[in-house]
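Worksheet: one structure, shown below.
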Amino acid sequence: MDRAQVRHGLTALPLAELRSWANAVRAAVKGEGVFLRGIVEFSNHCVRNCLYCGLRSGNRAVRRYRMEPREVVAAAVEVARAGVGSVVLQSGDDLDYPAGDIARIIVEIKARCEVAVVLSAGERPFSDYDLWREAGAQRYLIKHETADPELYARLHPGRTLSQRLAAQRHLKSLGYEVGSGFIVGLPGQDADTLARDILLVRETGADMCGAGPFIPQADTPLAGHPPGSEETSLRVLSLLRLICPEVNIPATTALATLDPENGQSLALLHGANVIMPSFTPPERRENYRIYDHKAQVDLENAREAASRAGRRIIRDGRVR
Ligand code: SF4
């Protein structure tokens, strides 16, 4: 598919048609299973100032926290105990969380649990990525956010899309599976931007891609911007599945926030095959607010969404 065809899929094809194609490709390539990734949000400190994000450094209303390494390991052990095969350690770009501490956390988790360790700790010196890979991390989530370089620069003061893509390339060169992603409904974005987003995921060879609707956060410059559309988000997921058949696609928490009842099950019916329940300790969760009214997706919600979509939770290829 070229850019014009993707634009056509985003704006003109009947959604039911897209859903049916995407569902057929998902079933043929990924099967009926829904994979779980358990998220532990271990620090909400961030040196960046992204215009859409509640964790931006300019937001003084956030109560900042940084979990101690032993607390992070304990949360990861809970993920493994729940039978979830991947633990995602997520934070803002917290450059003061020592890379060596994170490496020791990875080593300890790998020693104690049979899980894949996924990092989502933003842009750090490449030497940190090297260290964490050596420590045993297997995947890294770092979304490209938007494929429009000018929009990227406007939304991420002081940063560029090419820096982001360089980080993705470096991570891939180290043997990480790389998860990309982007936001649907950003100010200044149109169908052509979204078509470029989808094609960029194919071009970079990402192993995973999350695409969820923009949700405003009250303490950010984009507080008054309307949320992204659920229908456009579902179109994006379907087209991602058609254009990148092998990629793992999460039913995002942002979609669950926009549509608490059906958002994630609809995503599973439009090409998605992953859900990422939170294992962040409850007393920390409240302060990890990238956007407002963030849905709390736990293991039970994940099971319900899978079942509403007529699917099964599976762990590392084994049905539970
Ligand atoms: S989007 Fe990520 S890098 Fe940007 S402010 Fe939020 S946590 Fe920091």
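Every number in this text was worked out from the coordinates using simple rules, so none of it is lab data. All values derive from a computational prediction rather than experimental measurement. Positions of Cβ are generated from backbone atoms using ideal geometry, with glycine treated the same way; all protein chains shown enter the neighbour counts.
Remark on Gly212: its backbone amide H falls under 5 Å from those of Phe182, Val184, a criterion applied only to residues 5 or more positions apart or on other chains, H modelled at 1.01 Å from N.
What FRET efficiency would be calculated for the residue pair Ala82, Met1, taking the C-beta separation as r and a Förster radius of 51 Å, to the nearest 0.05? Can you show the working numbers first?
Numbers: r = 38 Å, r/R0 = 0.75.
It comes to 0.85.
Which of Cys53, Cys113, Cys209 moves most in a GNM of the chain, Cα contacts under 10 Å? Greatest mean-square fluctuation among the candidates belongs to Cys113.
Near Asn248, the amide H atoms lying under 5 Å from its own belong to Met208, Cys209; only residues 5 or more places off or on other chains count, and H is placed 1.01 Å from N. Each 10 Å bin from zero up to the one holding the largest Cα-Cα distance in region 133-200 carries the following percent of pairs: 20, 48, 25, 7, 0. Using the Cβ-Cβ distance between Val29 and Gln163 with R0 set to 35 Å, the FRET efficiency from 1/(1 + (r/R0)^6) comes to roughly 0.65. Shape call for region 250-320 from the C-alpha gyration tensor, a ≥ b ≥ c root eigenvalues: rounded (a/c under 1.5), prolate (a/b greater than b/c) or oblate? Since a/c reaches 1.5 but b/c is at least a/b, the shape of region 250-320 is classed as oblate.
Given DSSP loops and a limit of at most 14 other Cβ atoms within 10 Å, what is the longest stretch of the chain that contains no such GluC sites (Glu not before Pro)?
Working: sites that count: Glu32, Glu114, Glu246, Glu261, Glu286.
In short, 115-245.
Estimated from helical segments only, the mean residue ellipticity of the chain at 222 nm is -13000 deg cm²/dmol, where each DSSP H run of four or more residues counts as -39500 (n - 2.57).
Count Lys and Arg as plus one, Asp and Glu as minus one, and take only other residues whose Cβ is under 15 Å from that of Leu119; the net charge is then -3.
Taken over the Cα atoms of region 59-105, the convex hull encloses 98 Å³ per residue.
By the Cβ rule of 4.7 Å, the chain holds the following cysteines without a possible disulfide partner: Cys46, Cys113, Cys209, Cys244. Taking every alpha-carbon pair in region 194-320 and binning the separations at 5 Å intervals from zero gives 2, 11, 19, 21, 20, 17, 8, 2, 0 percent.
Compactness ratio for region 183-269: Cα radius of gyration over 2.2 N^0.38 Å (N = residue count) comes to 1.07. With K and R counted +1 and D and E -1, the other residues having a Cβ less than 11 Å from that of Asn49 yield a net charge of +2.
The radius of gyration of the Cα set in the chain, together with its Dmax, comes out at 18.2, 51 angstrom. Taking every DSSP beta bridge with both residues inside the chain, roughly what % is antiparallel (nearest 5)? Percentage antiparallel, nearest 5: 10.
Checking the a/c ratio against 1.5 first, then a/b against b/c, what shape does the Cα gyration tensor give for region 27-99? Taking the square roots of the gyration eigenvalues as a ≥ b ≥ c, region 27-99 is oblate. The largest-to-smallest principal axis extents of the Cα set in region 1-150 are 50, 38, 29 Å. When the chain is treated as a GNM with alpha-carbon contacts under 10 Å, the residue of Met208, Met67, Met276 showing the greatest mean-square fluctuation is Met67.
Equivalent ellipsoid semi-axes for region 65-195, as square roots of 5 times the alpha carbon gyration tensor eigenvalues: give them largest first, rounded to whole Å. Display every interim value, and only then the final one.
Details: eigenvalues 170, 48, 38 Å².
With the √(5λ) rule applied to region 65-195, the semi-axes are 29, 15, 14 Å.
Under 5 Å between amide hydrogens, built in the peptide plane, is the criterion, and for Val34 it picks out Arg312, Ile313, Ile314 among residues at least 5 positions away or on other chains.
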